[in-house]
Every structure is written in structure tokens, then in C-alpha cells.
Amino acid sequence: MAAAAAPSPSGETLTDLVQSALATGLTHQEIADRSRDPETGQTVSRSWVNNLARGQVDRMPELPTIRALAAGLNKPLNLVTEAAARQWLNYEASTLTELGDDVRIIVAHLATMSEADRRRWRRQIEAWSDTRDD
């Protein structure tokens, strides 16, 4: 059974990335020829790229294959990894980069706290937020 390749609202799947590359005029063979994992030297075949473009790859590729495809598509590894996670795991990555330094610092501190301390902070933040709504 092939993996579902429907794009999620917040991003593209691996199949979408390959289809986009093909839409620019690249061929399956050109993508395969450019796909080489810089760490292991692993490559991908033209037929695998073709199957991926048609949504007919059953299993999530392993990391060396994802790194190879990132090179072949000339895309950042994190973008290609997230696209694979969307396609096979229905996973959406979230980042805090757009929230600013203050929020990232607060989250980093919260991550080191005990569960009880995090619950206490949450109650304080919710209480503060409730007073602002009045």
C-alpha cells in the first residue's frame, strides 16, 4: 500500500518536493544523478525517484536516502526531513524562531523544570491572562 501523499496545510510532502522539481524541468534521472548523501555516498535510483513522484514509496526513507535526496533537490536537509515526516508520520514540526528571543529563553527554562513547576507556571500565566481579558 502506498503512503498517502496529500500535502498538509502547513507544508509539502516529499512527493510534493519531487513533483515541484519535476515541474521546473528536471527529469527523474537528473534528480537521481544529483542525489548523493554527502556523509555515506549513498545514491538513489531513477526508478525510486519516479515511484516517489507518483506517491508509490511504501516506507519512509532512511536518513542517508533523505540526505541524498536533499542534495538532489538542492533543498535544505531540515526541509526534506520535515517533508518526509509529514508524508509518512503525519508529523508537523514546529519552531519557535518566529517568536523572538524572550519566548525561546522562557521555553528553554521551562524545559528544565519539573512537571510540578511547569504546572505552577502554567497556572500563573493563565491567571495573568485571565486578568487581562477583563
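The values are calculated or read from the model by the stated rules, or taken from the named source; none is laboratory data. Here the structure is a predicted model, which means the values were calculated and not measured. No Cβ is skipped: glycine too gets one built from the backbone with ideal geometry, and neighbour counts run over all protein chains shown.
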Open item on the list: Can you pull out every residue in region 58-94 that is outside any helix (DSSP H, G or I), over 10 Å from the mean Cα position of the chain (by Cα) and either surrounded by 18 or more Cβ atoms within 10 Å (Cβ to Cβ) or aliphatic (A, V, I, L, M) (or both)?
Closed with: M60, P61
Open item on the list: Being basic (K, R) and either surrounded by 12 or more Cβ atoms within 10 Å (Cβ to Cβ) or within 22 Å of the chain's Cα centre (by Cα) (or both) is true for just one of R123, R36. Which residue is that?
Closed with: R36
TODO: Check off (1) of a type in the set (D, E, K, R); (2) touching a Pro at 6+ places or on another chain (Cβ under 9 Å); (3) at pLDDT below 90 for R86 and give me the number that stays unchecked.
DONE: (3)
Task: Among residues of region 8-57, those that are part of a loop (DSSP other than H, G, I, E, B) and touching a residue at least 60 places away in the same chain (Cβ under 8 Å), counted - done: 3
TODO: Take the residues in region 39-57 that are of a type in the set (D, E, K, R) and more than 16 Å from W88 (Cα to Cα), then tell me which one is surrounded by the most Cβ atoms within 10 Å (Cβ to Cβ).
DONE: R46
